[in-house]
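A.B. asks: Can you keep this structure in mind? I'll have questions shortly.
The values are calculated or read from the model by the stated rules, or taken from the named source; none is laboratory data. Being a predicted model, the structure only gives us computed values, none of them experimental. Quick reminder, even Gly has a Cβ in these numbers, built from the backbone with ideal geometry, and neighbours come from all protein chains shown.
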Amino acid sequence: MNQTSHPVHPDISEEMWGKIDKIIANGKGKPGSVIAVLRESQEVVGYLPTELISHISRGLVLPTSQVFGVATFYSFFSLTPKGRHTVRVCTGTACYVKGIKEAIGRIRNTYGIKEGETSEDRKFSLEGVRCLGACGLAPVMIVDKDIYGEVTSDKVINILEKYE
Amino acid sequence: MNKIRTQLMLCGGTGCESTGSERVREALTREIEGQGLKDEVEIVVTGCNGFCAVGPVMVVQPEGIFYQKIKPEDAAELVEEHFLKGRPLKRLFYKEPASKNIIPRMDDIPFFASQMFRAMRNKGLIDPEVIDEYIARDGYFALAKALNEMTADDIIEEMLVSGLRGRGGAGFPAGMKWKFAKGAEGEKKYVLCNADEGDPGAFMDRSLLESDPHAVLEGMTIAAKAINAHKGYIYCRSEYPLAIRRLGIAIAQAKDYGLLGEDILGSGFDFDIEVYQGAGAFVCGEETALMRSIEGKRGMPRPRPPFPAHKGLWEKPTILNNVETLVNVPQIILNGGKWYAGVGTEKSKGTKVFALSGDVSNIGLVEIPMGTTLRTLVYDIGGGVPNKRKFKAVQLGGPSGGCVPEERLDTRIDYEEIVKVGAIMGSGGAIVMDDHTCMVDMARYFMDFIQDESCGKCTPCREGTRQMLDILEEICLGKGKAGDIERLEALAHVVGKASLCGLGQTASNPVLSTLRYFREEYEAHIEEKRCPAKVCPNLVKFEVDPDLCKRCGICYKACPANAIIWEKKQVAVIDKDKCIKCMTCYAKCPFDSII
């Protein structure tokens with residue numbers, strides 16, 4: 001029987017480790033593959049725990065410092081757990097001019113979270129993103145994969161209340 | 001045999017998709033089949049049409065009838081009236097906001113009429129997921145010409161004659177870049193496409209990738225032939241999933257047709273393209289940072305020289321062109337550089353795509369000849385500022401750019417002319433702002449963006465932007481001090497002169513341009529603790545002016561905290577204990593009566 005060579009982590013199941021090892025095997029030896037490996041691993045687990053980053057660096061035979069450096073540089077990667085729903089508010093210029101700041105203020109007042117934070121009940125994670133390129137619908141908010149246009153401060157809470 | 005007499009070009013761009021074009025497609029398909037028109041009427045899902053503000057949109061070809069804001073419920077009536085009885089459905093036509101005129105044909109709508117489509121020539125006309133449709137519009141003809149009839153020098157010469165300059169913003173002549181890379185020594189060379197469209201308020205590249213992905217591939221392959229590269233990467237933001245998917249489809253189809261990969265069109269030339277997904281870092285739009293990122297490192301810029309044309313990706317000669325630049329290449333090769341240069345100003349040739357958004361009636365994607373005035377862009381094409389508000393400024397060039405006020409609107413679109421008025425051409429974001437926009441807050445917004453996105457490598461950018469942001473935040477909070485403006489100007493000078501890359505060098509532009517045209521707003525914030533546009537929550541009173549209040553109750557209905565006391569025919573009053581200072585009432589009041 002193969003002995004498991006990965007660390008133990010409460011948020012990562014045996015099945016997830018299997019997927020991760022496949023992702024690492026795919027990227028191994030390919031120059032520049034580390035960002036893709038981190039992205040795909042994050043898709044499996046939901047975020048990148050420190051133990052996972054170390055595991056990836058061992059698998060790709062890269063210094064942990066380098067992989068950690070990449071994971072902390074790009075805003076796409078998160079080293080902390082996320083809520084059940086990810087609320088991405090567009091903070092691009094068009095959305096800003098059209099009032100996303102007021103909508104974010106309402107989210108902060110209602111759920112007690114700022115950009116980059118997760119609500120205590122782990123229901124929502126709020127992320128500010130730089131222009132989604134859907135300026136025609138400004139202000140824009142994406143909850144998981146649902147796009148909402150013209151999200152003004154009076155509408156935003158009604159939309160979020162639909163999510164469990 | 002199929003006898004398609006009518007094609008419905010339904011927009012499947014991001015804007016229309018999120019307003020429900022997929023559900024419209026399903027409903028239309030059902031109705032067309034139900035009416036037995038399946039062999040006569042065909043639905044084609046196209047890339048971004050450009051007129052995002054009135055989506056979902058559909059153009060009926062060949063007659064060119066334009067339908068807007070289509071809902072799935074409209075499908076039955078639309079199919080019966082237009083395609084069965086031959087009576088176009090007026091209810092869904094475009095109505096001009098000012099004159100209330102109904103305009104049935106797309107080409108007659110002012111938004112489209114003043115435009116000139118070169119980069120966007122296929123938008124809304126082809127299904128971006130079917131290579132044959134691109135080929136039917138002369139696609140890959142330029143590639144065949146470049147590979148079989150032209151030498152590398154011929155291609156570069158044609159590019160130089162065209163005068164095409166980098167559409168990513170810096171405006172470096174594309175042909176020169178290629179010439180340097182061709183002359184550079186090295187067995188391996190790379191062609192990169194910059195699709196890391198990071199400027200907030202810019203969505204030109206997204207739409208081009210979504211509506212015409214093959215044009216990017218063709219442009220890259222021609223560039224590859226010119227510098228003798230055999231490998232290319234498209235560096236695309238991960239925020240653009242649809243663009244990434246369509247590029248993947250396009251690459252697979254092109255390989256299948258022998259238009260990409262080994263021995264392209266039997267010419268013996270090999271070229272392969274890979275899509276590389278960014279991971280969210282604005283600075284990766286800078287060329288050396290982008291290359292680092294593809295190498296799997298932190299995307300930090302490095303000093304130049306050496307320039308990428310000599311030492312780029314993996315230290316090999318590399319050219320990096322923006323999406324819009326590359327999309328123009330096939331037509332330059334096909335029609336000649338002279339043709340391309342036939343439009344434009346002395347130093348800025350051809351057309352430029354702008355993403356027009358913000359406080360403007362016609363939001364969408366616009367392509368206009370260089371030399372057009374900003375006034376034409378904002379008023380004739382954009383339809384001016386809605387809701388009876390006044391124009392204040394148009395912001396060009398994103399966080400590296402500046403705000404152009406009313407008195408400079410007759411500036412012509414030209415790389416050098418735009419710099420003279422304190423902005424930059426940039427990648428093409430044009431955000432219109434009305435008189436409810438606070439220019440100090442805008443400067444603070446852009447500085448916050450830059451400060452957040454500064455990679456931290458060089459001190460002037462890392463620390464300087466922090467200091468500038470601190471000052472701007474204090475001003476917006478009503479804690480501005482005498483001398484703040486001068487401190488901002490001094491910092492701007494240092495950050496601009498001493499930063500390593502373009503991000504830092506241009507970081508002060510939004511501050512400098514707002515200081516240049518709206519200095520009195522800064523002074524009002526600092527000296528009078530007043531925000532003239534009534535945007536900064538600490539500098540407004542949250543009171544209703546009884547003389548201005550029209551007693552309509554709109555603020556009462558909009559307030560999320562039930563902090564407004566109002567009854568019919570009564571002046572509204574704000575309960576300051578309940579008020580959460582969310583500014584909703586300021587945004588909603590049509591009479592500016594909240595002070």
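A.B. asks: Search the stretch B:369-395 for residues being outside any loop (DSSP other than H, G, I, E, B) and either within 13 Å of A:V97 (Cβ to Cβ) or among the polar types (S, T, N, Q) (or both), and hand back the single one that is farthest from the other protein chains (Cβ to nearest Cβ).
C.D. replies: Once the filter is applied, the top-ranked residue is B:T373.
A.B. asks: Of the conditions (1) at pLDDT 95 or above; (2) part of a loop (DSSP other than H, G, I, E, B); (3) among the small types (G, A, S), B:A254 satisfies every one except a single condition; which number is it?
C.D. replies: (2)
A.B. asks: Restricting to the stretch A:129-157, what's the tally of residues that are more than 7 Å from chain B (Cβ to nearest Cβ), outside any loop (DSSP other than H, G, I, E, B) and crowded, with 16+ Cβ neighbours inside 10 Å?
C.D. replies: 5
A.B. asks: Go through (1) under 23 Å from A:V129 (Cα atoms); (2) of a type in the set (A, V, I, L, M, F, W, C); (3) part of a helix (DSSP H, G or I) one by one and return the number of the condition B:A507 breaks.
C.D. replies: B:A507 satisfies every listed condition except (3).
A.B. asks: Another question, if that's okay. Residue check: is A:T50 among the polar types (S, T, N, Q) and within 9 Å of chain B (Cβ to nearest Cβ)?
C.D. replies: Values: among the polar types (S, T, N, Q): yes; within 9 Å of chain B (Cβ to nearest Cβ): no.
Taking the combined requirement at face value, the residue does not satisfy it.
A.B. asks: May I ask you to list the residues in the stretch A:143-164 that are in contact with a strand residue (DSSP E or B) (Cβ under 9 Å, 6 or more places away or on another chain) and modelled with pLDDT under 90?
C.D. replies: Once the filter is applied, which keeps residues that are in contact with a strand residue (DSSP E or B) (Cβ under 9 Å, 6 or more places away or on another chain) and modelled with pLDDT under 90, the stretch A:143-164 yields A:D144, A:I147, A:Y148, A:G149, A:K155, A:E164.
A.B. asks: For the stretch B:71-126, which residues satisfy the criterion of being within 23 Å of B:V41 (Cβ to Cβ), of a type outside the set (A, V, I, L, M, F, W, C), part of a loop (DSSP other than H, G, I, E, B) and under 31 Å from the mean Cα position of the chain (by Cα)?
C.D. replies: B:K71, B:P104, B:N122, B:K123, B:G124
A.B. asks: Would the stretch B:231-248 turn up any residue that is surrounded by 16 or more Cβ atoms within 10 Å (Cβ to Cβ), small (G, A, S), modelled with pLDDT of 95 or more and in contact with a Pro (Cβ under 8 Å, 6 or more places away or on another chain)?
C.D. replies: no
A.B. asks: Kindly establish whether B:P590 is outside the structural domain of B:L477 (by TED's automatic domain parsing), closer than 25 Å to B:K390 by Cα and either among the charged types (D, E, K, R) or within 33 Å of the chain's Cα centre (by Cα) (or both).
C.D. replies: Numbers: outside the structural domain of B:L477 (by TED's automatic domain parsing): yes; closer than 25 Å to B:K390 by Cα: yes; either among the charged types (D, E, K, R) or within 33 Å of the chain's Cα centre (by Cα) (or both): yes.
Answer is yes for this residue.
A.B. asks: Return the residue satisfying two criteria in turn: it lies in the stretch B:271-311 and is of a type in the set (A, V, I, L, M, F, W, C), under 18 Å from B:G504 (Cα atoms) and in a helix (DSSP H, G or I), and of such residues it is farthest from the other protein chains (Cβ to nearest Cβ).
C.D. replies: Applying the filter and picking the extreme gives B:L290.
A.B. asks: Residue check: is B:V59 under 31 Å from the mean Cα position of the chain (by Cα), under 19 Å from B:L365 (Cα atoms), crowded, with 19+ Cβ neighbours inside 10 Å and modelled with pLDDT of 90 or more?
C.D. replies: Considered against the rule, which asks whether it is under 31 Å from the mean Cα position of the chain (by Cα), under 19 Å from B:L365 (Cα atoms), crowded, with 19+ Cβ neighbours inside 10 Å and modelled with pLDDT of 90 or more, B:V59 comes out as yes.
A.B. asks: Still on this model: For the stretch B:426-467, which positions are assigned to a helix (DSSP H, G or I), closer than 20 Å to B:E286 by Cβ and away from chain A (no Cβ under 12 Å)?
C.D. replies: B:M447, B:Q451, B:T459, B:P460, B:C461, B:R462, B:E463, B:G464, B:T465, B:R466
A.B. asks: Return the total of residues in the stretch A:95-126 being crowded, with 19+ Cβ neighbours inside 10 Å, of a type outside the set (A, V, I, L, M, F, W, C) and more than 9 Å from chain B (Cβ to nearest Cβ).
C.D. replies: Number satisfying all stated conditions: 3.
A.B. asks: Now for a separate question. Does A:A71 satisfy being buried (at least 24 other Cβ atoms within 10 Å of the Cβ), in contact with a strand residue (DSSP E or B) (Cβ under 9 Å, 6 or more places away or on another chain) and of a type in the set (A, V, I, L, M, F, W, C)?
C.D. replies: Values: buried (at least 24 other Cβ atoms within 10 Å of the Cβ): yes; in contact with a strand residue (DSSP E or B) (Cβ under 9 Å, 6 or more places away or on another chain): no; of a type in the set (A, V, I, L, M, F, W, C): yes.
No, not satisfied.
A.B. asks: On to the next question. If a residue must be touching a Leu at 6+ places or on another chain (Cβ under 9 Å), under 23 Å from B:I363 (Cα atoms) and among the hydrophobic types (A, V, I, L, M, F, W, C), how many such residues does the stretch B:7-32 contain?
C.D. replies: 5
A.B. asks: Please state which one of B:A558, B:A533, B:A563 is of a type outside the set (D, E, K, R), in contact with an Asp or Glu (Cβ under 9 Å, 6 or more places away or on another chain) and not assigned by TED's automatic domain parsing to the domain that holds B:D592. Walk me through how you get there before you give the answer.
C.D. replies: Working: B:A558 fails: not assigned by TED's automatic domain parsing to the domain that holds B:D592; B:A563 fails: not assigned by TED's automatic domain parsing to the domain that holds B:D592.
Every option except B:A533 fails the conditions.
A.B. asks: Please tell me if A:V89 is touching a helix residue (DSSP H, G or I) at 6+ places or on another chain (Cβ under 8 Å) and touching a residue at least 12 places away in the same chain (Cβ under 8 Å). Please lay out each step first, then the result.
C.D. replies: Working: touching a helix residue (DSSP H, G or I) at 6+ places or on another chain (Cβ under 8 Å): yes; touching a residue at least 12 places away in the same chain (Cβ under 8 Å): yes.
Yes: the conditions hold for A:V89.
A.B. asks: Mind counting the residues in the stretch B:130-188 that are more than 19 Å from B:A309 (Cβ to Cβ) and among the charged types (D, E, K, R)?
C.D. replies: Total satisfying the criteria: 7.
A.B. asks: Right, here's the next one. Checking B:A113 against (1) small (G, A, S); (2) at pLDDT below 95; (3) in contact with a Gly (Cβ under 9 Å, 6 or more places away or on another chain), which single condition isn't satisfied?
C.D. replies: Result: B:A113 passes all but (3).
A.B. asks: Any idea which of B:G168, B:G201, B:G163 is touching a strand residue (DSSP E or B) at 6+ places or on another chain (Cβ under 9 Å), away from chain A (no Cβ under 14 Å) and crowded, with 24+ Cβ neighbours inside 10 Å?
C.D. replies: Values: B:G201 fails: away from chain A (no Cβ under 14 Å); B:G163 fails: crowded, with 24+ Cβ neighbours inside 10 Å.
Going through B:G168, B:G201, B:G163 in turn, just one is touching a strand residue (DSSP E or B) at 6+ places or on another chain (Cβ under 9 Å), away from chain A (no Cβ under 14 Å) and crowded, with 24+ Cβ neighbours inside 10 Å: B:G168.
A.B. asks: For B:R304, only one of the following conditions fails: (1) among the charged types (D, E, K, R); (2) surrounded by fewer than 24 Cβ atoms within 10 Å (Cβ to Cβ); (3) at pLDDT 95 or above. What is its number?
C.D. replies: B:R304 satisfies all of (1) among the charged types (D, E, K, R); (2) surrounded by fewer than 24 Cβ atoms within 10 Å (Cβ to Cβ); (3) at pLDDT 95 or above except (3).
Residues checked against (1) in contact with a Pro (Cβ under 7 Å, 6 or more places away or on another chain); (2) over 30 Å from A:G149 (Cα atoms); (3) not in a helix (DSSP H, G or I):
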| residue | (1), (2), (3) |
| --- | --- |
| B:N321 | no, yes, yes |
| B:N328 | no, yes, no |
| B:Q331 | no, yes, no |
| B:K338 | no, yes, no |
| B:E346 | no, yes, yes |
| B:A355 | no, no, yes |
| B:N362 | no, no, yes |
| B:V366 | no, no, yes |
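A.B. asks: Kindly indicate which of A:V70, A:V61 is closer than 26 Å to B:L242 by Cα and hydrophobic (A, V, I, L, M, F, W, C).
C.D. replies: The unique qualifying residue is A:V70.
A.B. asks: Take B:R25 and tell me if it is within 19 Å of A:D146 (Cβ to Cβ) and surrounded by fewer than 24 Cβ atoms within 10 Å (Cβ to Cβ).
C.D. replies: yes
A.B. asks: Under the condition of being of a type in the set (A, V, I, L, M) and in contact (Cβ under 8 Å) with a residue 40 or more places away in the chain, which residue from the stretch B:475-494 is surrounded by the most Cβ atoms within 10 Å (Cβ to Cβ)?
C.D. replies: If we take residues in the stretch B:475-494 being of a type in the set (A, V, I, L, M) and in contact (Cβ under 8 Å) with a residue 40 or more places away in the chain, then B:I475 is surrounded by the most Cβ atoms within 10 Å (Cβ to Cβ).
A.B. asks: Let me ask you something else. Only one of (1) buried (at least 16 other Cβ atoms within 10 Å of the Cβ); (2) within 14 Å of another protein chain (Cβ to nearest Cβ) fails for A:H6. Which number is that?
C.D. replies: Failed condition: (2).
A.B. asks: Please tell me if B:A224 is at pLDDT 95 or above, farther than 25 Å from B:V353 by Cβ and surrounded by 24 or more Cβ atoms within 10 Å (Cβ to Cβ).
C.D. replies: no
A.B. asks: So, one more: Working carefully through the options B:C585, B:C559, B:C536, B:C555, find the one that is modelled with pLDDT of 90 or more, closer than 16 Å to A:G105 by Cα, within 14 Å of chain A (Cβ to nearest Cβ) and surrounded by 15 or more Cβ atoms within 10 Å (Cβ to Cβ).
C.D. replies: B:C536
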